[in-house]
Amino acid sequence: MSGKYKTPMLDELEKGPFPSFITEMKKATKISTTAEDALGQLEKSYQTKRGYWKHGGIVGVLGYGGGVIGRYSSLPDEFPGVAHYHTVRINQPSGFFYTSAALREICDIWDKYGSGMTNMHGSTGDLVLLGTTTDKLEAIFAEYSSRGWDLGSSGSAMRTPSCCVGPGRCEWACIDTLGLTYHLTQHFQDEMHRPAYPYKFKIKTAGCAVDCVAAIARADLSIIGTWKDDIQVDQAEVKAYADMGMNIQAEIAEMCPTECLKYDGGKITIDNKECTRCMHCIAKMTKALRPGKERGATILVGSKAPIVVGSLLSWVIVPFIKAEEPFEEVTELIENIIEWWDDNAKPRERIGELLEVKGMRPFLEAINVPPQPQQVREPRKDPFFFWTAADLEKK
Amino acid sequence: MSGKYKTPMLDELEKGPFPSFITEMKKATKISTTAEDALGQLEKSYQTKRGYWKHGGIVGVLGYGGGVIGRYSSLPDEFPGVAHYHTVRINQPSGFFYTSAALREICDIWDKYGSGMTNMHGSTGDLVLLGTTTDKLEAIFAEYSSRGWDLGSSGSAMRTPSCCVGPGRCEWACIDTLGLTYHLTQHFQDEMHRPAYPYKFKIKTAGCAVDCVAAIARADLSIIGTWKDDIQVDQAEVKAYADMGMNIQAEIAEMCPTECLKYDGGKITIDNKECTRCMHCIAKMTKALRPGKERGATILVGSKAPIVVGSLLSWVIVPFIKAEEPFEEVTELIENIIEWWDDNAKPRERIGELLEVKGMRPFLEAINVPPQPQQVREPRKDPFFFWTAADLEKK
Amino acid sequence: MALPQRQTDIGPPKFDKFLPPVIKENYGQWKYHEELSGGTMVHVAESGAKIWTVRCASPRLLSTETIREISDLADEFCGGYLRFTTRHNVEFLVSDESRLQPLVDKLTTMKYMIGGIGDRVSNIVHTQGWVHCHSACTDASGLVKAIMDDLADYFTHKVLPNKVRLAVACCVNMCGAVHCSDIAVVAVHRKVPKIDHANVTKMCEIPTTVGSCPTSAIRPNPKDKTITINEEKCMYCGNCFTVCPPIDIHDPEEDGVAIVVGGKVGSLRTDPKFSKLAIPFFYNEPPRWPKVVDAIRNILETYEKHAKKHERVGEWVERIGWERFFSLTGIEFTFQHIDDFTFMRDTMRTSAAFKY
Amino acid sequence: MALPQRQTDIGPPKFDKFLPPVIKENYGQWKYHEELSGGTMVHVAESGAKIWTVRCASPRLLSTETIREISDLADEFCGGYLRFTTRHNVEFLVSDESRLQPLVDKLTTMKYMIGGIGDRVSNIVHTQGWVHCHSACTDASGLVKAIMDDLADYFTHKVLPNKVRLAVACCVNMCGAVHCSDIAVVAVHRKVPKIDHANVTKMCEIPTTVGSCPTSAIRPNPKDKTITINEEKCMYCGNCFTVCPPIDIHDPEEDGVAIVVGGKVGSLRTDPKFSKLAIPFFYNEPPRWPKVVDAIRNILETYEKHAKKHERVGEWVERIGWERFFSLTGIEFTFQHIDDFTFMRDTMRTSAAFKY
Amino acid sequence: MEQEAIQELIYAYSEKMSGKKKLKEKDIIKKISADAELDKDVVKKALRAMIDVGKLMYSYGGGASSVEIPTEEYLREKGMIK
Ligand code: SRM
Ligand code: SRM
Ligand code: SRM
Ligand code: SRM
Ligand code: SF4
Ligand code: SF4
Ligand code: SF4
Ligand code: SF4
Ligand code: SF4
Ligand code: SF4
Ligand code: SF4
Ligand code: SF4
């Protein structure tokens, strides 16, 4: 395949076993000149070791304030095919499940209006269509939305929620991650498409503490499945693992962080009230051990990337909450959390940052959650704590 | 003993097995009316639940800027005996060793000029004489100094250094804590008595990582003895401990933080390069295990109480330095450390606080110590690190 | 041609439209799973029903042509059902065991890279880089390709003590998982941006530009209708460039990448952890960043050799201590490693116990 | 009478003047020690020489009369040699074994409290309190007396899993070891100081007063020649009172003490640790603070019952988790426990794994 | 108040602040509902109606979204002007 530009450096990246994004871009040149000029400009970036994109101004579809990311080449004369190079975010189905028919539908429309290049998926979860022009946006939106595909989100808005595969294909799912994510996505449509928040707000849902969607690290609101009662143990399967040569003492008992799981050479016993439900034993002995039956979710808040004051992981706010259809309790809690943030945050202040500024107390009081030791890894170290007038009245 | 004041609440504190400070104060009433009025005012404090002392103005002995803490009663009419109630800090001998003769000498002078009350010792280490008046200070100083006792320190100065008993009575001392403390105290006499620093600066020296003088928590400069080579093991004594019923596996091997100490039911083996010299095994099996022979000190910097930004523990600056008579290397390092602090600190800024503001790099460069992983528990988490022009030149 | 009628706020299609029948029937009723190979596994339901998964590497940037090809494969072997993973791999969902081996064979002949399941290296979470983002300080896709080519065996079959999660961030915004990954690359600038004052005056809103700086390093210069940067405060984040391109943060000769290690996300055994700085800098060396690739392999192999079974990279490092990590890997410790950011006090060593 | 000639900068007498001969001869040559009882031990030198130590509790505030009494005892049994410990206990240094038991007997008849050695409670590090300090928010000596009377058995003979270090701080300046103690008491104010404006104008330097506030809560009010306090910012530290007594931080009805736990200083097994807040408040109840005494006993007994041998309080709590500490001790968890200070982020739980 | 009148207030305020401060939806709603003593939802509805027909538009810059008077380019692209 000989393209419009010589791309000696990029061609290097077609070698080797891992599938090549350059090959993908070259394939897309059959669809559009966009892909061709994208390759040309990228080769130039490789040669000169710098990017040539400009920040997007204002592009979008009428009535929505997000879902499209504007991007322009800073070398439009040299690479006219990417003078406009906007991205369209299509809201993915929960759990990234598709049928071939659905994917072909996506491709058909995109081939008609866009570059032929996609990201499956964006890092937040959207199905990303990579590279189109401003004048195509309304048509793209009409085509997709009329067929049941809506835009995802961008800007200072509720961002596209995402989740792990959960009950779709995982034996450890303690909550219906797919159903809850679909519910929340529908519930927050307005907040997703019309940016009215102080800054972005992300929700990710994992079915258990293994957290296969990095909810605790990459979401303002992290929902993580858990349980209340005892781990279910199948001693026959414990024996089977031992027979297969697993060193249960070293691999499981000694790695149990609370020392609450004991192995006597035959059976496993668990002191469940001391178990933190960390999932290690269950994950490594899936046939023998299973989560308890009384299931729900832990709600955590605040994680984000390092800009400006360093990365945050999410903090436990509600240790256990029921999360079953129709998800009323969780939805109400989330609404309260967002309302407090929306009322108090400065522009571009994520909820984790706001919490650091305000402290937990006003937040917990506003959302009506009592202080609990589960919310902290350890209590404060300093003697500088505050008392309200109400506190002082309690004798 | 019936005093000048009724002290029903304080009298309660003469009951019970622990020696009573009230009894001590009452004993001192034989020496001075100061003690009497101190009791009277203290009873009032107990009755009303508040103190009645005023901050000291400027009191001291000619030529010195410290060693005396001024204190005045805010109720001088009610308790004239404590209208002045100053404290004199006498520099204790290293390790708090005394002879009866020395103590009697101290008492004789104090009975002559003061209240008859002392603190053995102040929290920094000084021998504290509790309660005298401004007009007695010069006499007190002349009497003590002529007999070889000097004042300790207070204010923005080098504070009275102190140390653990070390080689005086401890088998684990890796450095001569008493000798080094005496040396440093003599070396910094001028800095101790004439406050020229931005704020207080404390030095504490512990003979090993057990840190029986809380050097790592209560000194701007913490000196802690350590070693470089292998722990000395006496296997016969290991066996003796086992025979006495010690569970060496549970108490020692499993509590070794690095898992580098192994016990095979007979012998102990230590993978010394993985040992952190934490002292646990040695402390619990003193007859069997002893520190290595190549000894020196770890130098740490910065610990302090919580005012203003929370307590600090000291940070490792120099992992290992020789610390033997005449202590030249250590003294020079300490001088450099103090010089940097003195040059850079704002008034009332301790060195730990300054380091937090400036970062380690300018400090380490100034004292000519290279960056080493031993200085950190973990490297930085954020991607926001700085480069100097010199760094960029290194290709 | 008239466009169809647009609809708003309909949200995504409901996922259950896309679930294979065996999943619909056994939704939430899975009992256990078994790893069958580096890239295949089977999940078994309470009912005894089974679903097989074949996982293939994806560059994430996919052409519609490739998506169609994948769709064809799904039709041929999976009744048309497939999914993508949270790390951007493709998963073929096989409901009929007799179609499993034929699918694997066909994928193999088509040079698909099967793997990423179990205690292995999976796909690298990464974002746009020079392919699409104005903020990029390196290219993400190229780095990923170079690293994954080198570590291919660890994706397809070689087993490690535990999963190793890699990530690449093309600037400090870190649109991915770099801050909590086992081993990750983050692109960094190293110099205060150069200001083209004439164009700042022409093209930029001064208040917005001043407001864009997270460290308040930018002050307005009303006299000359431009701005000045306090070099002491600037941490090379590039936010100013985003709102005002004449403030050029890019310096091709001094931009590059850092390597961070030891993060994790799951709560298994130990709390989730942030990644910490391992190597502060490599120059950008497109197209294959050989030094970065070697450095990652060195860290991975050191981990492979020394970690206990089930220990993640960060758990291993915390057990042996960071001082030992540096000596085992032979990585130089520099001033850049020492935290001088907001949380310095929690990273310094406040103990007399450490290894030499 | 003429005064003797003063000398300056002579420093303290050199310690070796005060060392008993056996110590001088075996200085730095100690081989091991043995605990003989709750308050006696023997140290044995390489040479075989021995020194016996008898440790007695001291209230730290000693009259010269008592010091003379101690000196007499040292003369009678120790050749005149003795020392004090870093926790203010008295140690009689016996060089002649035949004098050991007689000394112990005599001390016992004289009601000295022998103990504090080994895995026990030792003396409580504390400072001035209402006895001498203007800043005091409680009395240290009285609290110490009340607590030690209650825990006397743990000083003299009862054995705990490890040493338990107690401390009392009479205000947040914490002139002692409270920030790193196993169990400690710190006195706290709870209200913004009351300002006597007329006297502020009369007695205080406004700039000094403004400058004294660590949180910049104080602003000058030049019009009325006084100051105002921003209640939002004030953390009741009392620094302003120190420089300007008409700003009264003391409120007898609202002052009191908090209990902190879990700190340690040594590097054995685990890194030194800060104490953390266990109970945010008790009212001052002189003369014996019964609720505080009970609370400390409760924590100590819970530790005694649940900790493993050699675990310090903080190590035990970290093994079981703070949530379990609160449930085992029955202590209520309040908003005050949650860190809202500088380092909140390092104290929040960032994990899905915890106990109920 | 008629929706049209509310929309005029909204437009006037947006115009006034243009180039001075990036307005978020919330800023506009807060300001107009306070000035005209209107229910916030009523103002929000009026504002949304304007956005739906391109009288106002959402904008994005420097990481944050805002509401602005549409550019000519935008209006042309949306077929609002020729
Ligand atoms: C497209 C996407 C990367 C990708 O290739 O997948 C992306 C791309 C951009 N991100 Fe992001 N972020 C994307 C997921 C993330 C994530 C990951 C996640 O959501 O799980 C993060 C880290 C988690 C977080 O939210 O903190 C992330 C943290 C940021 C930040 C830092 C925000 C912060 O508060 O720390 C910025 C900077 C900003 O907002 O100004 C940013 C800004 C950007 C911008 C808009 C650049 C900018 O400065 O304005 C990028 C546009 C690139 C382009 O030209 O396409 N992006 N961004 C991801 C969204 C696709 C999707 O919708 O699925
Ligand atoms: C006398 C002594 C307490 C005692 O009863 O033993 C003491 C007493 C005072 N200290 Fe202290 N400190 C004493 C050891 C300490 C220690 C412990 C130590 O040195 O090991 C500390 C904690 C460690 C540290 O240095 O951080 C300590 C941390 C403070 C602070 C907090 C300083 C900080 O930067 O965090 C202050 C407040 C200040 O300096 O303004 C303070 C201030 C004071 C003042 C001067 C009160 C004031 O606000 O001006 C006290 C005078 C009390 C009086 O009337 O007698 N004192 N002070 C100790 C000194 C005796 C001696 O020389 O041996
Ligand atoms: C398919 C996927 C979920 C999805 O909705 O897409 C998934 C699926 C499974 N994960 Fe995962 N994980 C997936 C992303 C993750 C992530 C998120 C990430 O990488 O960003 C994590 C968190 C990593 C971390 O902690 O930093 C993750 C940490 C785990 C672990 C924890 C390993 C550990 O001991 O630390 C397990 C349990 C195990 O391996 O024993 C696990 C186990 C599993 C199991 C076995 C769960 C099950 O019983 O079905 C699934 C297949 C096994 C496998 O891949 O080895 N999965 N898994 C994701 C596949 C990504 C990929 O293409 O490689
Ligand atoms: C006399 C004294 C040193 C001095 O110069 O005055 C001293 C002396 C000894 N200490 Fe200590 N320590 C002394 C204060 C300390 C301190 C400082 C403090 O409390 O402020 C600590 C640090 C506490 C901490 O970590 O928070 C301290 C933590 C230890 C430990 C560590 C215990 C642990 O496992 O955490 C040991 C070792 C042991 O007990 O196994 C120890 C062991 C010892 C030994 C056995 C050392 C030896 O071989 O001679 C000494 C006598 C035993 C004993 O049980 O008291 N000493 N010891 C101090 C007596 C204070 C007192 O009157 O009770
Ligand atoms: S997070 Fe838990 S429930 Fe979800 S896919 Fe991973 S292991 Fe399964
Ligand atoms: S889930 Fe974790 S804490 Fe609970 S028994 Fe298993 S390994 Fe132990
Ligand atoms: S710190 Fe070490 S050397 Fe000093 S007394 Fe304690 S155990 Fe002995
Ligand atoms: S000193 Fe500490 S680390 Fe070293 S062997 Fe002994 S217990 Fe282990
Ligand atoms: S990490 Fe930076 S360069 Fe990469 S996509 Fe995100 S904003 Fe753009
Ligand atoms: S690069 Fe970042 S820190 Fe530096 S001036 Fe620009 S916005 Fe500020
Ligand atoms: S802690 Fe406070 S009250 Fe007690 S002596 Fe120190 S400064 Fe005075
Ligand atoms: S009590 Fe402390 S914080 Fe409050 S005003 Fe006074 S000095 Fe400031």
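Here are the numbers:
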quantity: Angle in degrees between helix D:100-109 and the longest Cα principal axis of chain D, rounded to the nearest 10; calculated: 50
quantity: Span from the region B:119-143 Cα centroid across to the region D:1-66 one, whole angstrom; calculated: 21
quantity: Net dipole in debye of chain C [+1 Lys, Arg Cβ; -1 Asp, Glu Cβ; about Cα centre; nearest 20]; calculated: 580
quantity: Fluctuation leader among E:K20, E:K40, E:K30 - chain E, Gaussian network, Cα springs under 10 angstrom; calculated: E:K20
quantity: Residue-averaged 222 nm ellipticity for chain A, from DSSP H runs of 4+ at -39500 (n - 2.57), nearest 500; calculated: -9000 deg cm²/dmol
quantity: Cβ-defined net charge surrounding C:Q128, 15 Å radius [Lys, Arg +1; Asp, Glu -1]; calculated: +3
quantity: Region E:29-55-region D:121-150 distance, computed between alpha-carbon centres (Å); calculated: 64
quantity: Span per principal axis, largest first, for the Cα atoms of region A:232-290 (Å); calculated: 28, 20, 17
quantity: Residue and distance (whole Å) for the chain A Cβ nearest the axis that superposes A on B; calculated: A:E254, 5
quantity: Calculated label separations, A:K4, copies of the chain, 7 Å along the beta-carbon direction, nm; calculated: 10.2
quantity: Shielding by partners - mean other protein chain Cβ count within 10 Å, residues of A:210-222; calculated: 6
quantity: Accessible area in square angstrom per residue, region C:216-287, 1.4 angstrom probe; calculated: 33
quantity: Hull shadow area, averaged, region C:1-136 [alpha-carbon convex hull, nm²]; calculated: 12.0
quantity: Normalised per residue, the volume of the convex hull around the Cα set of region C:245-294 (Å³); calculated: 139
quantity: Sorted largest first, extent of region E:3-77 alpha carbons per principal axis (Å); calculated: 34, 24, 19
quantity: Compactness of region A:8-146 as Cα Rg over 2.2 N^0.38 Å, two decimals; calculated: 1.06
quantity: Chain C: most fluctuating residue of C:I249, C:I206, C:I183 per GNM, C-alpha cutoff 10 Å; calculated: C:I206
quantity: Two-decimal ratio, chain B, of alpha-carbon radius of gyration to 2.2 N^0.38 Å; calculated: 1.17
quantity: Nearby lysines by direct alpha-carbon distance to A:K239 (threshold 22 angstrom, same-chain neighbours under 8 apart not counted); calculated: A:K262, A:K267, A:K284, A:K287, C:K31, C:K309
quantity: Inter-chain shielding of A:129-135 (mean C-beta neighbours from other protein chains, 10 Å cut-off); calculated: 2
quantity: Accessible area of chain A divided out per residue, in Å², using a probe of 1.4 angstrom; calculated: 31
quantity: Scattering curve values for the protein assembly as shown, log₁₀ I(q)/I(0), Debye with Cα scatterers, q = 0.07 Å⁻¹; calculated: -0.87
quantity: Protein accessible surface hidden between D and B, which excludes ligands and nucleic acids, total in Å², probe 1.4 Å; calculated: 10400
quantity: Calculated label separations, A:G265, copies of the chain, 7 Å along the beta-carbon direction, nm; calculated: 1.2
quantity: Charge context of C:D224, other residues only, Cβ under 15 angstrom, K/R +1, D/E -1; calculated: +3
quantity: Inter-chain Cβ neighbour average for residues C:222-235, partner chain, 10 Å; calculated: 1
quantity: Environment charge at B:Y85 (Cβ cut-off 9 Å; Lys +1, Arg +1, Asp -1, Glu -1); calculated: 0
quantity: Whole-Å distance, taken between Cα centres, linking region A:180-219 and region B:226-299; calculated: 52
quantity: Pseudo-label separations to other copies for D:E34 - Cα-to-Cβ vector, 7 Å, nm; calculated: 6.3
quantity: Gaussian network model of chain A, springs between alpha carbon atoms under 10 Å - residue of A:Y64, A:Y98, A:Y182 with greatest fluctuation; calculated: A:Y98
quantity: Per the axis that maps chain C onto chain D, nearest residue of C (Cβ criterion) and its distance in Å; calculated: C:D346, 3
quantity: By average C-beta atoms within 10 angstrom, highest first, the peptides D:252-263, A:242-253; calculated: D:252-263, A:242-253
quantity: Within straight-line cross-link reach of D:K225, aspartates and glutamates at Cα separation under 19 Å, skipping those fewer than 8 residues along the same chain; calculated: D:D196, D:E205, D:D248
quantity: Accessible surface of the protein assembly as shown, 1.4 Å probe, proportion on carbon and sulfur as whole %; calculated: 51
quantity: Ellipticity estimate at 222 nm from DSSP helix runs (n ≥ 4, -39,500 (n - 2.57)) divided over chain D, nearest 500; calculated: -8000 deg cm²/dmol
quantity: Drop in accessible area of at least 50 Å² in the complex versus isolated chain, residues of region A:9-45, 1.4 Å probe; calculated: A:L13, A:P17, A:F18, A:P19, A:F21, A:E24, A:K27
quantity: Cα-based shape type of region D:22-61, given that a ≥ b ≥ c are square roots of the gyration tensor eigenvalues and the cut on a/c is 1.5; calculated: oblate
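The values are calculated or read from the model by the stated rules, or taken from the named source; none is laboratory data. Here the structure is a predicted model, which means the values were calculated and not measured. Here Cβ is always computed from backbone atoms with ideal geometry, including for glycine, and neighbour counts include all displayed protein chains. Ligands, DNA and RNA are stripped out before the accessible areas are found, and what is left, the full protein with its side chains, is counted by its heavy atoms. Shrake-Rupley method; radii C 1.70, N 1.55, O 1.52, S 1.80 Å.
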